[in-house]
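Participant: Can you read through this structure? Questions will come right after.
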Amino acid sequence: MDSVLQYIQDHKQDFIADLVELLRIPSISAQRDHAADCRRAALYLIDLFNQIGLTVELRETAGHPIVLAKYVNDERLPTILIYGHYDVQPVDPLDLWKTPPFEPRIEGETIYARGATDNKGQFLAHIKAVEALLKVQGEMPVNVTFLLEGEEECASGNLEKFIKENKDELRCDVVVVSDTSMFAEGMPSICYGLRGICTEEIRVEGPNQDLHSGIYGGAVPNPAEELCRIIAQLKDAEGRITIPGFYDDVVPMEEWEREAFAALPFDEKQFKKALDLNGSHGESGYSNLEQRWARPTLEINGIFGGYTGEGSKTVLPGWAGAKFSMRLVPNQTPETIDRLFQNYVQRIAAEYVKVSFKPSGGAKAVVVPRDALFMDEAVEAIKKGFGREPVFIREGGSIPIVITYQEELGANTLLIGLGQADDNAHAPNEKFSLRDFM
Ligand code: BES
Ligand code: MN
């Protein structure tokens, strides 16, 4: 093992150079203009796998392609499936980036670029680990399948289909994913729970065009105002979601888990300070970690409509809209939650406006049992690699495909985050520590 670690040290600059190349590709999955870039990222990964001698294929989907690479030592050995995503989130607001998002900048031991932590840097660490093992030892005592997709940030709809159609090829004993974060710097963590997600967009329409607010205002319903009225009725003063039935399927938190969360070294003051918050606000009766990891939520992701440009424009807009994400916990399903959301909004909306919906996919939450296959080995590996025991955490983000591994392949996922919670995933100046990478 020492010579493997030596190989890694000796190749640090090469590894970083490959990371930089990958980060230069603007593989934004949500934006059609970047479809070719997504393919370029996939092709770049194919090259990397070829260089280290894995059998690799580009597999087409209805959307961005999947990269499937295999190392088979012996069919009788356990197979580990390593999953990651080469797609990234959009970059705006662009003006808040210190340097352009796809021109990676290294400052000390930190690399800045969109996708640095989420998820290119994190999965590349696994590819490089396999490279080092194969180059130095010639073989590994397991089979390894790499499954890298380009639509995680769009809910992985096409990957789900791919998995259902290719179960045999993807058969594995365990899935390993580094797309979460450590609880704190230097505190390696195993994440055993992720929230699910259900996204929605609503559009409220009033008059058939924008109108002069002086000529028509007073007699014509304003869709932006009606949108606000709808939004204001989605939660009560206690921070509870008011959609009837929303909590019906929620499995309540157990006492042992509430105690375990409370025992983690979480500093609420520090949390507020880092975000420049005057106070925190959430569902009453639950701690900060409970609210973020184990309770369902509804967030407005954006509100739009009317004139928001420079100066004033006295207009009564013809329409207004908003995007929402609801985070789910076991046993909520995105289908049911979406139906409840639509029914409720439809019911509370005034009859003088038209409301339409545009859902965009979702996923169920996942909890990995503590006695999952290879969980103990993961703990041992982390002890060796980091010199300390991992803490067990849950997280509030979603990795839509993880539940599919459990349900379709019968494999549990070990979520071993290498990044930090403040790596600015989805935000300007996303970064990844090269120490975490190494
Ligand atoms: N890496 C995140 C998931 C994550 C974030 C896990 C924070 C743990 C903590 C992933 O890339 C992601 O952002 N997923 C999306 C999925 C959605 C767009 C369907 C998310 O959670 O918003
Ligand atoms: Mn992400």
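Participant: Using a simple charge model, +1 on the beta-carbon of Lys and Arg, -1 on the beta-carbon of Asp and Glu, nothing else, what dipole does the chain show about its Cα centre, in debye to the nearest 20? All intermediate terms of the calculation are to be shown ahead of the outcome.
Facilitator: Numbers: 44 positive and 68 negative charges, 130 e Å.
So the magnitude is around 620 debye.
Participant: On to the next question. Using the Karplus equation 6.51 cos²θ - 1.76 cosθ + 1.60 (θ = phi - 60°), what ³J(HN,Hα) coupling, rounded to whole Hz, does each residue of the stretch 314-322 give in order, writing x for Gly and Pro?
Facilitator: Result, rounded to whole Hz: 7, 10, 10, x, x, 7, 8, x, 8.
Participant: Can you give the % of DSSP beta bridges in the stretch 1-132 that are antiparallel, to the nearest 5?
Facilitator: Working: 8 of 9 bridges.
The antiparallel fraction comes to roughly 90 percent.
Participant: Under unit Cβ charges (Lys, Arg +1; Asp, Glu -1), what dipole magnitude, rounded to 20 debye, does the stretch 59-100 have relative to its Cα centre?
Facilitator: Details: 4 positive and 6 negative charges, 33 e Å.
The dipole magnitude comes to about 160 debye.
Participant: For a bin width of 10 Å, list the pair-distance distribution of the chain built from all Cα-Cα distances, rounded to whole %.
Facilitator: 4, 19, 29, 26, 14, 6, 2, 0
Participant: Can you list the residues, at least 5 places off or on another chain, whose amide H is less than 5 Å from the amide H of Val176, using H built in the peptide plane?
Facilitator: The answer is Leu81, Ile82, Tyr83, Leu414.
Participant: Rounded to the nearest 5, what % of the DSSP beta bridges within the chain are antiparallel ones?
Facilitator: Antiparallel bridges: around 65 percent, rounded to the nearest 5.
Participant: If you count, for each residue, the other Cβ atoms within 10 Å and average over each peptide, how do 249-261, 184-196, 270-282 line up from highest to lowest? Spell out each step's value before the answer.
Facilitator: On the way: 249-261: 13.2, 184-196: 21.2, 270-282: 10.1.
Per-residue Cβ counts within 10 Å, averaged per peptide and sorted highest first, yield 184-196, 249-261, 270-282.
Participant: Okay, next question. Describe numerically, in nm with one decimal, the distance between label points set 7 Å from Cα along Cα→Cβ at Gln346 and at Arg240.
Facilitator: Here the modelled spin labels are 2.6 nm apart.
Participant: Going by amide H atoms built from the backbone, whose H comes under 5 Å of the H on Thr110, apart from near neighbours?
Facilitator: Leu434
Participant: What's the extension gain from Glu283 to Glu377 if we count 0.36 nm per residue and subtract their Cα-Cα distance? Walk me through the numbers before you get to the answer.
Facilitator: Numbers: separation 94, 0.36 × 94 = 33.84 nm, distance 3.68 nm.
Fully extending the segment from Glu283 to Glu377 adds 30.2 nm.
Participant: For Cα pairs less than 8 Å apart in space and 6+ apart in sequence, what is the mean separation divided by the residue count of the chain, i.e. the relative contact order in percent? Write out the running numbers ahead of the final one.
Facilitator: Numbers: 857 pairs, mean separation 112.4, N = 438.
Relative contact order, the chain: 26 percent.
Participant: Which of Thr413, Thr61, Thr117 moves the most in a Gaussian network model of the chain with Cα springs under 10 Å?
Facilitator: Thr61
Participant: Further question: What size of dipole, in debye to the nearest 20, comes out for the stretch 110-256 about its Cα centre when the only charges are +1 on Lys and Arg C-beta atoms and -1 on Asp and Glu C-beta atoms? It would help to have the intermediate numbers written out before the result.
Facilitator: Working: 13 positive and 26 negative charges, 78 e Å.
For the stretch 110-256, the charge dipole is close to 380 debye.
Participant: So what is the relative contact order for the stretch 302-367, in percent, with contacts set as C-alpha pairs under 8 Å and at least six apart? All intermediate terms of the calculation are to be shown ahead of the outcome.
Facilitator: Working: 47 pairs, mean separation 21.8, N = 66.
The value is 33 percent.
Participant: Of the candidates Pro223, Pro334, Pro296, which one comes out as most mobile in a Gaussian network treatment of the chain with C-alpha springs shorter than 10 Å?
Facilitator: In this elastic network of the chain, the residue with the biggest mean-square fluctuation among Pro223, Pro334, Pro296 is Pro223.
Participant: With a 1.4 Å probe and every protein chain kept in, tell me what percent of the accessible surface of the stretch 283-331 is carbon plus sulfur. Kindly include the intermediate steps, with their values, before the conclusion.
Facilitator: Details: 1090 of 2250 Å².
Looking at the stretch 283-331 in its full context, I get 48 percent from C and S.
Participant: Put +1 on the Cβ of every Lys and Arg and -1 on every Asp and Glu Cβ in the chain; which of Gly214, Ile399, Gly53 then has its Cα farthest towards the positive end of the dipole?
Facilitator: Of the listed residues, the answer is Gly214.
Participant: Using each residue's phi in the stretch 266-280, evaluate 6.51 cos²θ - 1.76 cosθ + 1.60 at θ = phi - 60° and report the 3J(HN,Hα) Karplus result to the nearest Hz, with x for Gly and Pro.
Facilitator: Taking θ as phi minus 60°, the curve returns 9, 10, 4, 4, 4, 4, 5, 5, 4, 9, 6, 9, 6, x, 9 Hz for the stretch 266-280.
Participant: Follow-up question, since we're still on this one. Determine the per residue accessible area of the stretch 88-187 with all protein chains present and a 1.4 angstrom probe, expressed in square angstrom. Present the calculation step by step, with values, prior to reporting the outcome.
Facilitator: Working: 3860 Å² over 100 residues.
Averaged over the residues of the stretch 88-187, the accessible area is 39 Å².
Participant: To two decimal places, what compactness ratio does the stretch 89-217 give when its Cα radius of gyration is scaled by 2.2 N^0.38 Å?
Facilitator: Details: Rg = 22.1 Å, N = 129, 2.2 N^0.38 = 13.9 Å.
The stretch 89-217 yields a ratio of 1.59.
Participant: Related question: Can you tell me the FRET efficiency between Val250 and Lys354 if r is taken as the Cβ-Cβ distance and R0 is 22 Å, rounded to the nearest 0.05? Please report the intermediate quantities before stating the final value.
Facilitator: Values: r = 32 Å, r/R0 = 1.46.
Calculated transfer efficiency: 0.10.
Participant: Suppose R0 equals 45 Å; then what is the FRET efficiency for Leu77 and Asp422 from their Cβ-Cβ distance, rounded to the nearest 0.05? It would help to have the intermediate numbers written out before the result.
Facilitator: Values: r = 38 Å, r/R0 = 0.85.
My answer for the efficiency is 0.70.
Participant: How many nm separate the modelled label positions at Glu21 and Lys98, each set 7 Å beyond the Cα in the direction of the Cβ?
Facilitator: 2.7 nm
Participant: Something else: Among Ile230, Gly193, Ile243, which residue has its Cα positioned farthest towards the positive end of the charge dipole of the stretch 182-248, with +1 placed on the Cβ of Lys and Arg, -1 on the Cβ of Asp and Glu, and the dipole taken about the Cα centre?
Facilitator: Checked the options; the winner is Gly193.
Participant: For Glu109 paired with Gln270, estimate the spin-label separation in nm (one decimal), with each label point 7 Å from Cα along the Cα-to-Cβ line.
Facilitator: So the label points at Glu109 and Gln270 sit 1.7 nm apart.
Participant: A further question on this structure: Using a 1.4 angstrom probe on heavy atoms only, work out the carbon and sulfur share of the accessible area of the stretch 69-141 in %. Let's see the in-between values first.
Facilitator: Numbers: 1630 of 3040 Å².
Roughly 54 percent, rounded to a whole number.
Participant: A further question on this structure: For Ser312, put the label point 7 Å out on the Cα→Cβ axis and report which residues of the stretch 203-222 keep their amide N under 14 Å from it.
Facilitator: Only 213-215 pass the distance filter.
The values are calculated or read from the model by the stated rules, or taken from the named source; none is laboratory data. It should be emphasised that the depicted structure is a prediction, and the values quoted were computed from it without experimental measurement. Here the Cβ is made from the backbone with ideal geometry for all residues, glycine too, and neighbour counts use every protein chain on show. With ligands, DNA and RNA removed, areas are computed over all heavy atoms of the protein, side chains included. Shrake-Rupley method; radii C 1.70, N 1.55, O 1.52, S 1.80 Å.
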